[in-house]
Amino acid sequence: MNNKYKYPNISIRRSILKGKCPRCGIGSLYRKFIILKDCCDNCKLTNSSIDPGDGASFFVILIAGVFIVGGALLLEVFVKPSYYIHAIIWFPLCFFLPLMILRQLKSALIFREYSIKKDFINSEEG
């Protein structure tokens, strides 16, 4: 396996939480909030073959739905507040919770896809 460049082992958690490149861990992965850059600023890894698709959105819907619906049901059963209190609590949470989760899940899927493709390419070389 003759790699021209050697990249250090990076912290997976830090890379996912900060939206960094899966290969070098230094360059930013995103141009805007969830729009991928064409290539990494540091190591020039092209993101043209990396496509997480709608997987992150699917998991965000599932995770946020469990917390929001479960929380609303628990609040209604135990406290029984008025509908205004439900609206004050759950409408902002329905907006901000998916936004908080989406970028990290998309980064995790990109990191996983990169690691699978990297292992596949390395196994073909050997």
*Quick one: which of P92, P52 is over 17 Å from I10 (Cβ atoms), touching a helix residue (DSSP H, G or I) at 6+ places or on another chain (Cβ under 9 Å) and surrounded by 10 or more Cβ atoms within 10 Å (Cβ to Cβ)?*
P52
*asked:* For the structure I just gave you, tell me whether P81 is part of a loop (DSSP other than H, G, I, E, B) and over 12 Å from the mean Cα position of the chain (by Cα).
replied: yes
_Quick check on segment 2-10. Is at least one of its residues at pLDDT 85 or above, among the hydrophobic types (A, V, I, L, M, F, W, C) and surrounded by 13 or more Cβ atoms within 10 Å (Cβ to Cβ)?_
no
_Cβ-Cβ under 8 Å pairs, at least 6 apart or on other chains, segment 109-121 side modelled with pLDDT of 85 or more, far side part of a helix (DSSP H, G or I)_ = L109/G55; L109/A56; F111/I12; F111/S15; F111/I16
_Considering only segment 29-48, I want to know if a residue exists there that is in contact (Cβ under 8 Å) with a residue 40 or more places away in the chain, of a type in the set (F, W, Y) and closer than 14 Å to F111 by Cα._
yes
_I63 being part of a helix (DSSP H, G or I) and either loosely packed, with under 10 Cβ neighbours inside 10 Å or not polar (S, T, N, Q) (or both)_ = yes
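The values are calculated or read from the model by the stated rules, or taken from the named source; none is laboratory data. Computed from a predicted model, the values in this text were never measured in an experiment. Positions of Cβ are backbone-derived with ideal geometry, glycine not excepted, and every protein chain shown enters the neighbour counts.
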